[in-house]
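Undergrad: Quick one: this structure, given as structure tokens, is what I'll be asking you about.
Nothing in this text is a laboratory measurement; each read-out follows from the coordinates by a stated rule. Note that the structure is predicted; figures quoted are calculated from it, not measured. Positions of Cβ are generated from backbone atoms using ideal geometry, with glycine treated the same way; all protein chains shown enter the neighbour counts.
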Amino acid sequence: MTRKIAKYINVLVLIRDMTHKYLFAYNNGIYNDSEAYREIESIKDSDITRAVVLGGSSENFIGSSFAIPHLYLESKNEIKEDRIYRNLRIYENLINLCTGKLLVVGNSVEISSKDSFEDIMQRLGAPIEMYNQPGIQTAGLVRDYEAFHLLQASVHWFNRMDDKDMKRAEQALQTFVVAEEMGTLVNPHTKDTVRASLYLSAINQLADDPIECTEYHVDHCEVCGKDNISHQSVGHVGQIEKLLRDNFTGDNVEFGVKFIKKSYHRVRSPFLHDGKLSGNEKDGQWSSPTALQFEEDLANYISTSRRLIRLFMQNSALGGRPSVNGKL
């Protein structure tokens, strides 16, 4: 019996030692929360067994009086290149969605496999006056205080979507983040049409596919020679309208639906099909008389796509129940 127990203990020690630990610091971000750290669920189908986002000390960064976000991960397998997206990037994309801040590639912080999370918090955790500043707003239109609480909920919703909706949310989220990244490039005002098209595409990616009409089709066209020609009873724009109405409530829904539908035809399609720049980039952009209006429209695309991705995940996780908070 003693040998069996000893063998069992040795196996437990081996399993524990096989856990891979990672810590990433995002020096351009801000951790502003009532809690020193937030436990996050493991992403579905990932190798992660534990995930924690924490406020790390930023004393080493001159001029910073805020804690910076750190992501601590424990994985049952080594995170190799072909698994980085599932194990790390989805967390980073959701952090961007919830905080309004695009994270640059995280700096890997060296930790020992023997370090417990408590050891890491004691060594790197920021003091409360740095990580908890409720009177400070740093992310523009996005309320970033306790945004990591929203991250907890967002990962929870993400994990409870069915496979079809999860794929849609992943694609829309990735497209959204690419648009955000373009805003950090040199001369971002010369890329506004591209960014706007990506935000509108993220919205489109959440919508259902167009519906083909089953009542009427042409068996054979004598002009072009094609057989079984049909048409769509509901196209992309119609499905986008349904998506918006299913997720948003409030007095501005009618205006929002018309605005996004018009923008799909005015901004996204002309750029994708013909390369037309609706942001007046060829006319100097900021010096153009219509530039201010386009900048306002772009802000609305960002806000709408950000909120819609969150609401889509929430409503999908809840079984499609309409939201009472998704005001547009």
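Undergrad: Shape call for the range 129-208 from the C-alpha gyration tensor, a ≥ b ≥ c root eigenvalues: rounded (a/c under 1.5), prolate (a/b greater than b/c) or oblate?
TA: oblate
Undergrad: Collect residues whose amide H, placed 1.01 Å from N in the peptide plane, falls under 5 Å from the amide H of THR49; neighbours closer than 5 in sequence don't count.
TA: Hits under the 5 Å cutoff: GLU74, SER75, LYS76.
Undergrad: Test of understanding: ordering GLU118, GLU222 by Cβ neighbours within 10 Å, fewest first, what list do you get?
TA: Fewest-to-most ranking of GLU118, GLU222: GLU222, GLU118.
Undergrad: Now for a separate question. How do 245-254, 88-97, 142-151 rank on mean C-beta neighbours within 10 Å, highest first? Don't jump to the answer; show the numbers that get you there.
TA: Details: 245-254: 14.9, 88-97: 22.1, 142-151: 19.0.
Highest mean packing first, the order is 88-97, 142-151, 245-254.
Undergrad: OK, next. Mind ordering 43-49, 179-185 by average Cβ neighbours within 10 Å, highest first?
TA: For the peptides 43-49, 179-185, the packing ranking is 43-49, 179-185.
Undergrad: Moving to a separate point now. So for HIS236, HIS156, HIS273, fewest C-beta neighbours within 10 Å to most, what's the order?
TA: Numbers: HIS236 17, HIS156 14, HIS273 8.
Arranged by neighbour count, lowest to highest, HIS236, HIS156, HIS273 become HIS273, HIS156, HIS236.
Undergrad: Right, something else. Give the long-range amide H neighbours of ILE79: residues separated by 5 or more places, or on another chain, with amide H under 5 Å away, using H modelled in the peptide plane at 1.01 Å from N.
TA: Long-range HN contacts for ILE79: none found.
Undergrad: Still on this structure, I have one more. Rounded to whole Å, give me the distance from the Cα center of the range 80-99 to that of the range 138-161.
TA: Cα centroid of the range 80-99 versus Cα centroid of the range 138-161: 14 Å apart.
Undergrad: Among LYS261, LYS164, which comes first, second and so on when ranked by fewest other beta-carbon atoms within 10 Å? Can you show the working numbers first?
TA: Values: LYS261 16, LYS164 9.
Ordered from fewest to most neighbouring Cβ atoms within 10 Å, LYS261, LYS164 come out as LYS164, LYS261.
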